[in-house]
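Here is the structure we will look at.
The values are calculated or read from the model by the stated rules, or taken from the named source; none is laboratory data. Every value quoted in this text rests on a predicted model; they were computed, and no experiment measured them. Cβ placement follows ideal geometry from the backbone for every residue including glycine, while neighbour counts extend to all protein chains displayed. Only protein heavy atoms, including side chains, enter the accessible area calculation; ligands, DNA and RNA are left aside. Shrake-Rupley method; radii C 1.70, N 1.55, O 1.52, S 1.80 Å.
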Amino acid sequence: MAGVDVGRVEGILMHYLHLYHAGNFADVFKHVLLIALLEALSMKDTPWCFIDTHAGAGIYGLDEASTPEAAEWRQGIGRLWRAGPRSALLGRYLATLREVAGAGEAPRGYPGSPWWGVRMARPHDRVIACEQQAEIAKLLRRTVPRAEVQRRDGYGLLGALPPRERRGLVLVDPPFERADEFDAARAFI
């Protein structure tokens, strides 16, 4: 995890910290699907752009969320980690995950969507990661340096779409802190 203190960001005015949810069953499902979609985009040689509207920190240390009530990863990646791959796609996902999470009895960390996007990107592809919180955006720049990190609310990208590549994928997975989050997501889509 390249010496980055994942999960400990001071002064963040947020109620939601993805640290406590990283690697849960929804993350596993989302990232396996993300791999499949980016692999499909990569079937053509032309470049693609992956945009994450609410990127987060990039990589999360699972040991930081080790209290039983906060360790959602145990029912997500923890179960799959022990069970092993059940398909070729899950095998590729787990093999790639072990690059950042180690090969021990349990994963040490869990990467977020921007990390997966960069990991799947070819040299001519582009990853844009939007993060509104300054300290988390700073951490994201260190954990996923190849991503183009934009410190902004990802919903503000609407005017920048479609990307110059004309091919791509936009992931909208907000923290659901805003009272109008569903309306904002619907308006963006």
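Please find, among Ala95, Ala103, Ala184, the residue that is free of Cβ contacts under 8 Å to residues at least 40 places away in the same chain, over 16 Å from Asp27 (Cβ atoms) and under 18 Å from the mean Cα position of the chain (by Cα).
Ala95
Regarding Asp125, is this residue open to solvent by less than 20 Å² (accessible area, probe 1.4 Å) and among the charged types (D, E, K, R)?
So Asp125 passes the test.
Only one of Leu94, Leu89 is surrounded by fewer than 23 Cβ atoms within 10 Å (Cβ to Cβ) and either among the β-branched types (Val, Ile, Thr) or farther than 25 Å from Arg141 by Cα (or both); which?
Leu89
If we only count helices (runs of 4 or more DSSP H) wholly inside the stretch 90-189, which ones have 3 or more residues that are closer than 26 Å to Ser42 by Cα?
Once the helices (runs of 4 or more DSSP H) in the stretch 90-189 are filtered for at least 3 residues that are closer than 26 Å to Ser42 by Cα, what remains is 113-120, 134-143.
Please work out which residue is surrounded by the most Cβ atoms within 10 Å (Cβ to Cβ), limiting yourself to the stretch 157-189 and to residues that are touching a Cys at 6+ places or on another chain (Cβ under 8 Å) and of a type outside the set (A, V, I, L, M, F, W, C).
Applying the filter and picking the extreme gives Gly168.
Would you mind stating whether Arg82 is at pLDDT below 90, open to solvent by 20 Å² or more (accessible area, probe 1.4 Å), out of contact with any Pro (no Cβ under 7 Å at 6 or more places or on another chain) and over 15 Å from Gly56 (Cβ atoms)?
Criteria met by Arg82.
Just to check your reading of the model, which residue among Ala26, Ala57, Ala83, Ala88 is touching a helix residue (DSSP H, G or I) at 6+ places or on another chain (Cβ under 8 Å) and of a type in the set (A, V, I, L, M, F, W, C)?
Ala57
Show the residue pairs that are 6+ apart or on different chains and have beta-carbon atoms under 6 Å apart, the first residue being within the stretch 29-55 and closer than 24 Å to Phe188 by Cα, the second being acidic (Asp, Glu).
The qualifying pairs are Pro47/Asp125; Pro47/Glu165; Trp48/Asp125; Trp48/Glu165; Cys49/Glu165; His54/Asp173; Ala55/Glu131.
Show the residue pairs that are 6+ apart or on different chains and have beta-carbon atoms under 6 Å apart, the first residue being within the stretch 108-136 and basic (Lys, Arg), the second being assigned to a strand (DSSP E or B).
Arg126/Cys49
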